[in-house]
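The values are calculated or read from the model by the stated rules, or taken from the named source; none is laboratory data. All values reported here derive from a predicted model rather than from experimental measurement. Cβ: placed from backbone, ideal geometry, glycine included. Neighbour counts: every protein chain shown. In case anyone asks, the SASA skips ligands and DNA or RNA and just uses the protein heavy atoms, side chains included. Shrake-Rupley method; radii C 1.70, N 1.55, O 1.52, S 1.80 Å.
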Amino acid sequence: MPKPAKDTSRRVGLDPQQITMRALKLSEERGLTGWSIRELAAELDVATSVVYHYFPAKDDIYEAVVDHATTTVELPDESLDWKEWFTEVLMSLRAACLRVPGIAERTVTGKLTPAMVPIIEAAYARLKAAGFAEMTPWAYSMIFNVAMSAVAARDRQSPHHPDQYVIADMLEDMSDLTVSSPALSELSEHFIAGLTTADSERISNDYFRLLLASLLDGLSHVLLPAATTTVDRQT
């Protein structure tokens, strides 16, 4: 007997949340753009038209996946110093992005979702309270652009990222130049090479923390005094 055709109507009990969670699972395994609607429908045991009924475009599913992943970011205790607060929230955001290859790249290009709004609002409030005043947009942009660009760079090392680059290949490409450049030789041996080892995540994590500390201290010594001076002139 011929195999019965798959029901193209809405499956009983299926809803956008279930589709999102299955898409999230696929994205964790293959990257945000590493699966097709046909594969997602097969995972759900429905026809592709059922998925399109709930999500008219594939980008709508991407947004739902990113939004759900971002909800795992917890806002730190408000009693923390503003620099400690930003360090905690950005470490949490980094972890959320790296769980799903491709999210960081999407976020850094400004494709935000509703779940990012409370984070942005809280970040703005912390910067305002710290005294950045009218320089708050500058401070916010510097913090998130630098931090998320670093996360995106780490994310591109994932084998599931569509634009993956391999650190070992980078070292190979640099090998001829390191012979005549002590600086490149030291950089390759004492930093880049470590990212090819089993200790790579610890090194990357430490690097990110130091990056944040340097960035936030720089803002407190350069941008914050400038903002304070501007406020004093206006008053």
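Only one of LYS83, LYS25 is under 23 Å from LEU127 (Cα atoms) and in contact with a helix residue (DSSP H, G or I) (Cβ under 9 Å, 6 or more places away or on another chain). Can you tell me which? Among LYS83, LYS25, only LYS83 is under 23 Å from LEU127 (Cα atoms) and in contact with a helix residue (DSSP H, G or I) (Cβ under 9 Å, 6 or more places away or on another chain).
Of all residues in segment 215-232, those that are open to solvent by 70 Å² or more (accessible area, probe 1.4 Å) and either of a type in the set (S, T, N, Q) or touching a residue at least 60 places away in the same chain (Cβ under 8 Å) (or both) total 0.
May I ask you to verify whether GLU121 is closer than 30 Å to GLU63 by Cα, at pLDDT 95 or above, of a type in the set (Asp, Glu) and in a helix (DSSP H, G or I)?
It is true that GLU121 is closer than 30 Å to GLU63 by Cα, at pLDDT 95 or above, of a type in the set (Asp, Glu) and in a helix (DSSP H, G or I).
Can you find, within segment 185-202, the residue that is nearest to GLY31 (Cα to Cα) among those that are of a type in the set (A, V, I, L, M) and in a helix (DSSP H, G or I)?
LEU195
The sole residue among GLU84, GLU74 that is assigned to a loop (DSSP other than H, G, I, E, B) and either surrounded by fewer than 17 Cβ atoms within 10 Å (Cβ to Cβ) or on the phi > 0 side of the Ramachandran plot (or both) is GLU74.
Rundown of residues vs (1) free of Cβ contacts under 8 Å to residues at least 12 places away in the same chain; (2) out of contact with any strand residue (DSSP E or B) (no Cβ under 8 Å at 6 or more places or on another chain); (3) at negative phi, yes/no style:
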residue	(1), (2), (3)
PRO101	no, yes, yes
ILE119	no, yes, yes
LYS128	yes, yes, yes
GLY131	no, yes, no
GLU134	no, yes, yes
TRP138	no, yes, yes
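Residues in segment 19-30 include at least one that is without any contact (Cβ under 8 Å) to a residue 24 or more places away in the chain and open to solvent by 20 Å² or more (accessible area, probe 1.4 Å). ASP67 meets the stated requirement of being acidic (Asp, Glu) and either part of a helix (DSSP H, G or I) or open to solvent by less than 60 Å² (accessible area, probe 1.4 Å) (or both). Take the conditions (1) at pLDDT 90 or above; (2) within 28 Å of PHE144 (Cα to Cα); LEU177 misses just one of them, which is (2).
In this structure, does VAL73 turn out to be closer than 30 Å to ASP15 by Cα, in contact with a helix residue (DSSP H, G or I) (Cβ under 6 Å, 6 or more places away or on another chain) and touching a residue at least 40 places away in the same chain (Cβ under 8 Å)? Against the criterion (closer than 30 Å to ASP15 by Cα, in contact with a helix residue (DSSP H, G or I) (Cβ under 6 Å, 6 or more places away or on another chain) and touching a residue at least 40 places away in the same chain (Cβ under 8 Å)), VAL73 qualifies.
Residues are listed down the side, and each one gets a yes or a no for (1) assigned to a helix (DSSP H, G or I); (2) surrounded by 15 or more Cβ atoms within 10 Å (Cβ to Cβ); (3) at pLDDT below 90:
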site: ALA150; (1), (2), (3): yes, yes, no
site: PRO159; (1), (2), (3): no, no, yes
site: MET170; (1), (2), (3): yes, yes, yes
site: ALA183; (1), (2), (3): yes, no, no
site: SER204; (1), (2), (3): yes, yes, no
site: ALA213; (1), (2), (3): yes, no, no
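Scanning segment 136-178 for residues that are touching a helix residue (DSSP H, G or I) at 6+ places or on another chain (Cβ under 8 Å) and not small (Gly, Ala, Ser) yields a count of 23.
In segment 155-170, the residues that are closer than 16 Å to GLY194 by Cα and of a type in the set (Val, Ile, Thr) reach residues that are in a helix (DSSP H, G or I) and open to solvent by less than 80 Å² (accessible area, probe 1.4 Å) with C-beta atoms within less than 7 angstrom, at least six apart or across chains, in these pairs: ILE167/ILE192; ILE167/LEU195; ILE167/THR196. Residues considered: PRO56, PRO101. Of these, the only one that is outside any helix (DSSP H, G or I) and buried (at least 20 other Cβ atoms within 10 Å of the Cβ) is PRO101.
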